Amino acid sequence: MQVALAPATDQPSTANPGMFFKRWLANPLQMGSIVPSSNALCQRIVRQSRRSGDEVIVELGAGTGVISRALLGGGLPPERLFVVEIVPDMAQHLRRVLPGVNVIEGDARELSSLIPAHWHGRIGTVVCGIPLVLLPRPEQQRFIDAIEAVAPGRGFLHYSYCVTSPLPARHHRLAAKREAWTPLNFPPASVWRYTPSAAR
């Protein structure tokens, strides 16, 4: 089943654009944008997220939590959401604004050790907000392999501000599909679905 659409509400305490911009200045390679995702983009991600009743959703690079909040607003139980954030102050912020959510401070490249083993293979959707396009191909592959280790065969959703696919899908043996595009985000953004190709 799909996660239902969240109501269109503003969450200034969640978005925290000041924290977001400060973190972008500190390390642009960890942040895909200088501002949090818009409600329009959040709703498109919610619409494309899927899970069965006993599965969880994992968000990588949760930032200040606006997408997490949209997933919860769409009916996802907090205990069924895992968010992974490498920046300590952002992880602390997420614990404060997302009560009941499994907030994990750590490097998403180590996902198999961060996500409890009993959830491996029980992940409906992985949402990736890490700007993979800025990384060299070997580093991109490390993230892809980490996702495959905990969600085999499922692939992942990746939102990006690129006009074309932010990943060289064939190089990584992935099938790529742009599921959604929103001009209402700043900058305009796309939601891509990457799944392992038959040759993988």
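The values are calculated or read from the model by the stated rules, or taken from the named source; none is laboratory data. None of these values were measured; they are calculated from a predicted model. Because the Cβ atoms are built from the backbone with ideal geometry, glycine has one as well, and the counts that use them run over all protein chains shown. Ligands, DNA and RNA are stripped out before the accessible areas are found, and what is left, the full protein with its side chains, is counted by its heavy atoms. Shrake-Rupley method; radii C 1.70, N 1.55, O 1.52, S 1.80 Å.
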Exercise for review: Scan segment 153-164 and give yes if some residue there is at pLDDT 95 or above and open to solvent by 20 Å² or more (accessible area, probe 1.4 Å), otherwise no.
Suggested key: yes
Review point. Are there any pairs with C-beta distances below 9 angstrom linking a residue in segment 145-163 that is farther than 17 Å from R109 by Cα and without any contact (Cβ under 8 Å) to a residue 40 or more places away in the chain to a residue that is open to solvent by 60 Å² or more (accessible area, probe 1.4 Å) and hydrophobic (A, V, I, L, M, F, W, C), with the two at least 6 apart or on different chains, and if so which?
Key: C162/V133
Check your understanding: If you take the residues of segment 68-117 that are in contact with a Gly (Cβ under 7 Å, 6 or more places away or on another chain) and in a loop (DSSP other than H, G, I, E, B), which of them is modelled with the highest pLDDT?
Key -> L98
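This table checks each residue for (1) open to solvent by less than 10 Å² (accessible area, probe 1.4 Å); (2) more than 22 Å from L81 (Cα to Cα).
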{"position": "P116", "(1), (2)": "no, no"}
{"position": "W119", "(1), (2)": "no, no"}
{"position": "I123", "(1), (2)": "yes, no"}
{"position": "V126", "(1), (2)": "yes, no"}
{"position": "L134", "(1), (2)": "no, yes"}
{"position": "R137", "(1), (2)": "no, yes"}
{"position": "Q141", "(1), (2)": "no, yes"}
{"position": "A149", "(1), (2)": "no, no"}
Review point. How many residues does segment 118-129 contain that are in contact (Cβ under 8 Å) with a residue 12 or more places away in the chain and part of a helix (DSSP H, G or I)?
Key: 1
